[in-house]
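Computed from the coordinates by the stated procedures, all read-outs in this text should not be read as laboratory data. Predicted model only: the values in this text are computed from it and were never measured. Heads up, the Cβs are rebuilt from the backbone with ideal geometry, glycines too, and the neighbour counts pull from every protein chain shown.
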Amino acid sequence: MRKKVTKAIFPVAGMGTRFLPATKSVPKEIMTLVDRPLVQYAIDEARAAGIKEFIFVTSRGKGALEDYFDHAPQLEQELRKKGKDELLEILKNTNMDSGEIAYIRQHRALGLGHAVWCARRLVHNEPFAVILPDDVIAAEKPCLQQMVEAYEETGGNMVAAMEVPPEKTNSYGILDVQEDMGAMVSVKGMVEKPDAGSSPSNLAVIGRYILSPNIFRNLNKLKSGAGGEIQLTDAIAQEIGKEDSGVYGYRFRGQRFDCGSKAGFLQATVAFGLARDDLKDDLGAYLDEVMAVRKAAE
Ligand code: G1P
């Protein structure tokens, strides 16, 4: 039996400068899509995939993130007094049990690979997931759950993958495909943010990973790569071709939003708003109006 994936690392140490001035005092991960913080979507997805331990790699100024996951007894008491059961239920669904969640500080911004490495002592010698909360994925079956099911067949290392336009390949880790099996591809190479014109494909890594603990060993010895940072992509690439290991890309079913960018964040807000019964009519009518005005102005 393959060991179950029960631990996930959430790298959330980035300063979120693209969202200044908001991120001057609010961690990016607490910014809301409709009424839920980005990070809540990541947690819900992890839980659906069977994750039991949530490891956050944070940095200075992320206190609001820890508070968010704390219980709020006073608030709960107030709501109970007022009979606001629906709101109580919403709060309850965000509660994390003691010991379920851990925070590690990344003291220096040395890259995604380094952030993951910071969590090595909490993961020990077992496979683990990594979720980048900036990549929000709307899917009928949550993306990480799809991957866990696929991983039960393959083992090794698996990254979420998606075709991106050729002019965007230099913003992603890119897969060099050995064999394309449809949803799954086996990988013979990986490059982090290849220079324009030198990309091995347009199949990009999206922020969901299931990794073998060998990755920590690789990261121990890794020198900085693209952009002068220690890259997770490089540590995964070292597993390619190893016996009993290997690297797979998984084309998930779902729509991915790049919530690390303002345009992506706005798109996600609209999409998640339209998916809500309590908002879709008002929001839909407003969007129709906006579109009509735009058309008339053309
Ligand atoms: C990170 C990874 C990259 C991956 C991307 C997905 O890059 O390094 O391989 O394709 O996430 O969002 P970042 O966006 O943090 O620069």
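Here the Karplus relation 6.51 cos²θ - 1.76 cosθ + 1.60, evaluated at θ = phi - 60°, turns the backbone of the stretch 262-279 into coupling constants of 5, 4, x, 4, 5, 4, 5, 4, 5, 4, 6, x, 5, 7, 9, 4, 7, 10 Hz, with x for every Gly and Pro. Its Cα gyration tensor gives the stretch 15-82 an equivalent ellipsoid, and the semi-axes of that ellipsoid, as √(5λ) in whole Å with the largest first, are 22, 18, 12.
Quick one: which of 82/141; 92/168; 3/221; 4/242 span more than 32 angstrom between C-alpha atoms? Intermediate values should be presented prior to the final figure.
Numbers: 82/141 36 Å; 92/168 40 Å; 3/221 26 Å; 4/242 21 Å.
Over 32 Å apart, Cα to Cα: 82/141; 92/168.
Each part gets one Cα centre, and for the stretch 126-169 versus the stretch 278-298 those centres are 33 Å apart. Solvent-free Debye calculation, one equal scatterer per alpha-carbon of the chain: log10 I(q)/I(0) at 0.07, 0.11 Å⁻¹ equals -0.29, -0.70.
Below 13 angstrom from the Cβ of residue 287, what's the summed charge of the other residues (Lys, Arg +1; Asp, Glu -1)?
Numbers: positive: 280, 294, 295; negative: 281, 282, 288, 289.
Overall, the nearby charge balance is -1.
Please build a GNM for the chain, connecting alpha carbons under 10 Å apart, and tell me which residue among 173, 63, 182 fluctuates the most. Checking each option, the largest mean-square fluctuation is seen for 182.
Considering only 81, 92, 188, the mean-square fluctuation computed in a Gaussian network model of the chain, springs between alpha carbons under 10 angstrom, is largest for 81.
Listing 158, 181, 1, 147 from the residue with the fewest other Cβ atoms within 10 Å to the one with the most, what is the order?
Details: 158 27, 181 10, 1 4, 147 23.
In order of increasing Cβ crowding within 10 Å: 1, 181, 147, 158.
Where only DSSP H runs of four or more residues are counted, the chain gives -9500 deg cm²/dmol as its mean residue ellipticity at 222 nm, each run worth -39500 (n - 2.57). Under a Gaussian network description of the chain, with springs only between Cα atoms under 10 Å, the residue in 128, 56, 69 that fluctuates furthest is 69. Put a dot 7 Å past the Cα of residue 93, heading toward its Cβ, do the same for residue 278, and the two dots end up 1.0 nm apart. By other beta-carbon atoms within 10 Å, ranking 256, 121, 47 with the fewest at the front produces 121, 47, 256.
If you take every residue apart from residue 127 with its C-beta less than 9 Å away from the C-beta of residue 127, what net charge results, scoring Lys and Arg +1 and Asp and Glu -1?
On the way: positive: 2, 3, 4, 7; negative: 126.
With Lys, Arg at +1 and Asp, Glu at -1, the net is +3.
Stretch residue 271-residue 125 to full length: gain in nm at 0.36 nm per residue minus the Cα-Cα span? Could the numbers behind the result be given before it?
Values: separation 146, 0.36 × 146 = 52.56 nm, distance 3.89 nm.
Value of the extension gain: 48.7 nm.
Spin-label model, residue 81 to residue 52: label points 7 Å out along the Cα-to-beta-carbon direction sit 3.9 nm apart. Potential lengthening of the chain between residue 291 and residue 152 amounts to 45.5 nm, from the contour at 0.36 nm per residue minus the alpha-carbon distance. With the simple spin-label model, which puts each label point 7 Å out from Cα in the Cβ direction, the residue 25 to residue 138 separation comes to 3.1 nm.
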